[in-house]
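For reference, the structure is listed below as structure tokens.
Quick note: the coordinates plus some simple rules give every number you see, no bench work behind them. From a predicted model like this one, the values you see are computed outputs, not experimental measurements. Glycine also receives a Cβ, built like all others from the backbone with ideal geometry; neighbour counts cover every protein chain displayed.
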Amino acid sequence: MTASPPPGPASPAPPPPAPAEPLLRMRGITKSFLGVRVLHGIDLDLYPGEVHALVGENGAGKSTLMKVLAGVHRADSGTVELAGSRVSFEHPVQAQRAGVATVFQEFNLLPERTVAENVFLGREPRRRGLVDGRAMERATAALLADLDLEGIAPWTRVRSLSVAEQQIVEIVKALSHDARIISMDEPTAALADHEVEVLYRIIGRLRERGVAVLYVSHRMKEIFDLAATITVLKDGDLVETVPAEGIGPAELVRRMVGRPVSSVFPERLEPRGDRVGEVRLSVRGGGNSQLDGIGFEVRGGEILGLGGLQGSGRTEVAHALFGIARFTRGEVAVDGRRIDPRSPRRAVRAGLVLVTEDRKAQGLALNQSVTANGRLVLDAVLPFGSARRVRRLPGILSSLELVTRGGNDQEVRYLSGGNQQKVVLAKWLATEPGVIVLDEPTRGIDVGAKQAVYRLMRELAASGAAIVLISSELPELIGMADRLVVLADGRIAGELPGGSTEEAVMAMATGSHGDPRADAPAAGDPRAAAPLSGGAAAGPRSGDGAGRAAGPGRRPENDLGSGPPPGAVRHTDSGSGPGPDSGGGSPARHEEAAP
Amino acid sequence: MTSPTTAPPAPRGRVPGALAALGRGGAPTVALLLALIFAVIATQNPSFFEGPPLMAFAKKAAPLVILAIGQYLVIVSGEFDLSVGSLVGAQVVIAARLIDGEEAMTLPVIGVMLAFGLLVGLVNGLVTTLLRVPSIITTLGTMLILFGAVRYWTGGAPTGALSEAFRVPGRGGVEDLPFLGQLPWALVIAAVIAVAGVLLMRSPYGRSLIATGDNDVAAAFSGVRVWRVRTLAFVGSSLLATVAAVLIGGYAGVTAQVGQGLEFTAITAVVLGGVVLGGGRGTVVAAVLGAVTVEALFTLFNQLYLPSTIQPTVQGVIIIAAVAYAARRGDLRLPERLRRRPDHPTERPLGTSRR
């Protein structure tokens, strides 16, 4: 809005003041929506150069507190002091000007504009009344250089960046306001594990510069890797603020939930269905442009874990089974009958359902009621004689422990992530499927809802259903599955028994025992095209591919196949902690180690 | 308070649920507005609510109600149909030319009209869903094609004449009733269609349609044949436009201008009823109430001796105001779509690579 020149990006932060004085002091923050109190007298102190984790179940008030800080919501009562003086933000822009920046879960980037244009959106530097594009790009390049991220060219269109790179652009945008405080709402939710490394490094940089970071996440590993202090919220109340050293993950979970989570994964149940032990799903020689030689069997009562790195083909297998992207080779049989899943409709008819990984985009009609969503499949696929199944829906919903304020007429957009996931599950269970494929069923849902999903899986297995579980969280995969099939590069890398170690799974997934990648140049992999154009954007002008740290591991991995000079592949996040072993071309993936 | 057209039977035995459904569609707001307009009309013309004038009003409003229900089907599925005005005009001209005053031709020609409506709806629907042309463009094209083709065919001025039988649905009715005088067929037809519309939206098809308008990816992943559901909505809209053409032709006769601008009046009615552009929300009842309200407003303008030329201006204001109101309540879905994460894996069409 103003034509003021962009803040000097490179100005090295002044040495952090004595940590005794908090940069931000929130006291007694209270906030209600429509008479429902969502925050009750929260206190929060942020110190310069410190990462402060904010944890709690979904609905605990984390996001609301962040939004109060960001000026999106106004607190009903309570005070906020920034560097000793009292402030009250009525608008996000005010907060930004005061140096409080927020990276929300949803990106607010314009896909068709360049990185620089996005960073300086609304306050472009001007020269003689016109936008000074050069100055904008220079300033953006300086900001990126400051974070050792020269690999992202300021003139690249945001659309062509990976999700991780877009996340970085969001952070750079926040920094360009000369932020002293940055809060991040689940910044890793959309990132692959190896991409998280880059975020870690950026946060390290911010800390060195004396920026206070407020970090919201569900992932224990990240919280304990990054945070010095942890604040636990529950139902809008402040449970406590503790130093991270003084508490372990199990104890932290207990305080978030307010009860001990006796065992993380529920025990297997006594099988009782008459289909237990029969082969319910079998795939032989399945392949298409992204997959090859996919073959496995799942029996009734069994949970098969499908492991592998992001991009290894796990989701593609699920989509092929469900008729979203077809297998062009091989055969699929459900309960011994060969099927050709050409559409989700056919798959459902055959008794195979898929709980997709992206709840909001693929799973739910958000403006419709719980009931309307729950019966959608019945309406669409089995319109005749569905009355009996529709009548069972309320029972299914309550057995999933779905409790909503507005009952089943509530529109699902008002539900928490965990409750939304329960609606999705109910929708599929209403069809009484024999084979259930779950793609990241616990992503972004709170601890309590996760337990409900785990119990449900055990329950379904015991009743004779065959379950295929896809998960990026190794502990979950290993803890829930009876057997693991590991994928790499669209092929089956091997099979492991349940209860294998994470190291064994990772070794198989990265192919570090052999090197399956050498002879598989990912010809059919659609992403093979990505590094070429991505590299073209960054390479010639920056003249240095080495800075493409943001290019997630899978790109360099493909670079190996598509053959730029080795120097350009030296992408790694080298020297940053538990670094990747770039040598073998296997992407780093050391996240998700169990707490 | 309202004419019978506006009162399809409430769903049995679930009054709170029905009320909530009305609330979501914005129907109470528009019902209030309608009551207000009727009140003003009553002060200007106290005899308006005696049977015959009210029935005359219903007769005039019926075609718009039918068009609004058709438009509702398309809008709730997340699309637009701009072709209905031209289609009404084309159908009336076709009827006049083919019947040419011969009574015996009435039924066959109505059959031809329905077939033609079906064809136009299929073209709109299939071009939009299978060729992936945005519906606003598809139906704009159909609108121009029909408009030009009819002019070319008739050489500029409509020829022929409608039969007496053809004019019965638009003009006639059950005569000599106590109090009401004449119960117009148009009102009966509109009421039947409204009830059918309400029932349709409670059927599996209607539920699939509204889910498609809300999130077509989720609908497709739930086994909905999205292309089929949307195409049928376009067919429904074109068939209802054909019915409206029979009523309008019967009521007003054949002119070169017949049907002009009706698509916008229908969209105005639907939007006023609170059916959000972008799909997935709103009810048939709200669309019907919106249509009656627009017609009542025009009646009021007549009574106030305002020139009818001001009607498009008023429609424009209504469309903007209604959508702005919906946006303020946070109901509007278009911005949400734009806000989706750019280049998120799920944004890409399935089975295609990044870029």
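Taking R0 as 56 Å, what's the FRET efficiency between B:SER308 and A:GLU81 from their Cβ-Cβ distance, rounded to 0.05?
Values: r = 64 Å, r/R0 = 1.13.
That gives a FRET efficiency of 0.30.
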Exercise. Quick one: Cα centre-to-centre distance for the range A:431-486 and the range A:342-417, in angstrom?
Worked result: 18
Exercise. Got a sec? How would B:PHE301, A:PHE322 order by Cβ neighbour count within 10 Å, fewest to most?
Worked result: B:PHE301, A:PHE322
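Would you mind ranking B:ILE37, A:ILE436 so that the residue whose beta carbon has the fewest other beta carbons within 10 Å leads the list?
On the way: B:ILE37 18, A:ILE436 28.
By the 10 Å Cβ count, ascending: B:ILE37, A:ILE436.
Tell me the net charge near A:PHE89. Cut-off is 11 Å between Cβ atoms, A:PHE89 excluded, with +1 for each Lys or Arg and -1 for each Asp or Glu.
On the way: positive: A:LYS67, A:ARG74, A:ARG97; negative: A:GLU90.
Local charge sum for A:PHE89: +2.
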For this session: Calculate the spin-label point distance for A:LEU269 paired with A:ALA333, positioning each point 7 Å from the Cα along the beta-carbon direction, and give it in nanometres.
Result: 2.9
Exercise. Summing Lys, Arg as +1 and Asp, Glu as -1, what charge do residues with Cβ under 13 Å from the Cβ of B:ILE94 carry, B:ILE94 excluded?
Worked result: +1
Problem set entry | Amide H contacts under 5 Å for A:VAL103, placed H, 5+ residues apart | A:SER183, A:MET184, A:ASP185
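How would you rank A:ARG314, A:ARG127, A:ARG205, B:ARG225, going from fewest to most other Cβ atoms within 10 Å of each one's own Cβ? Kindly include the intermediate steps, with their values, before the conclusion.
Details: A:ARG314 26, A:ARG127 11, A:ARG205 15, B:ARG225 19.
By the 10 Å Cβ count, ascending, the order reads A:ARG127, A:ARG205, B:ARG225, A:ARG314.
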Seminar exercise, completed: Partner lysines whose C-alpha sits under 18 Å from that of A:LYS31, ignoring same-chain residues fewer than 8 away, are A:LYS62, A:LYS67, A:LYS234
For this session: Quick one: which residues, 5 or more positions from B:VAL174 or on another chain, have an amide H under 5 Å from its amide H? H modelled 1.01 Å from N in the peptide plane, none for Pro or chain starts.
Result: B:LEU183, B:TRP185
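Expected output is a single nm value to one decimal: the length gained when fully extending between A:SER398 and A:THR241, i.e. 0.36 nm times separation in residues minus the C-alpha distance. What is it? Walk me through the intermediate numbers first.
On the way: separation 157, 0.36 × 157 = 56.52 nm, distance 3.49 nm.
Stretched fully, the A:SER398-A:THR241 segment lengthens by 53.0 nm.
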Problem set entry | Difference of contour (0.36 nm per residue) and Cα-Cα distance, B:GLU50 to B:GLU103 | 15.6 nm
Exercise. Separation between the B:VAL168 and A:ARG342 pseudo-spin-labels, each 7 Å from Cα along Cα→Cβ, expressed in nm?
Worked result: 4.7
Exercise. Hey, if you drop one equal point scatterer on each alpha-carbon of the range A:188-301 and run the Debye formula without solvent, what base-10 log of I(q)/I(0) do you get at q = 0.13, 0.17, 0.24 Å⁻¹?
Worked result: -0.80, -0.93, -1.36
Seminar exercise, completed: Checked the range A:191-230 with the C-alpha gyration tensor, a ≥ b ≥ c its square-rooted eigenvalues, rounded below a/c of 1.5, otherwise prolate if a/b is larger than b/c and oblate if not; verdict oblate
Problem set entry | Under-5 Å amide H pairs with A:VAL437, H placed in peptide plane, nonlocal only | A:VAL353, A:LEU354, A:VAL355, A:VAL468
For this session: Would you list which lysines come within 19 Å of A:LYS427, measuring only between C-alpha atoms, while excluding same-chain residues fewer than 8 positions from it?
Result: A:LYS360, A:LYS450
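Specify whether the C-alpha gyration tensor of the range B:172-259 places it in the rounded, prolate or oblate class, a ≥ b ≥ c being the square roots of the eigenvalues: rounded for a/c under 1.5, otherwise prolate if a/b is larger than b/c and oblate if not. Display every interim value, and only then the final one.
Working: a/c = 4.94, a/b = 2.00, b/c = 2.47.
Taking the square roots of the gyration eigenvalues as a ≥ b ≥ c, the range B:172-259 is oblate.
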Exercise. Can you run phi through the Karplus equation (6.51, -1.76, 1.60; θ = phi - 60°) for the range A:491-501 and list ³J(HN,Hα) in whole Hz, with x for Gly and Pro?
Worked result: 10, 7, 7, x, 10, 10, x, x, x, 5, 7
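Rounded if a/c is under 1.5, else prolate if a/b beats b/c, else oblate: with a ≥ b ≥ c from the C-alpha gyration tensor eigenvalues square-rooted, which is the range A:332-491? If you can, show how the numbers build up before the last one.
Details: a/c = 1.68, a/b = 1.16, b/c = 1.45.
Oblate shape, in that a/c is at least 1.5 and b/c is the bigger or equal ratio.
Within 12 Å, Cβ to Cβ, of A:LYS67, how many net charges do the neighbouring residues add up to if Lys/Arg are +1 and Asp/Glu are -1? Write down the numbers at each step before the final one.
Values: positive: A:LYS31, A:LYS62, A:ARG74; negative: A:ASP185.
Here the charged neighbours net out to +2.
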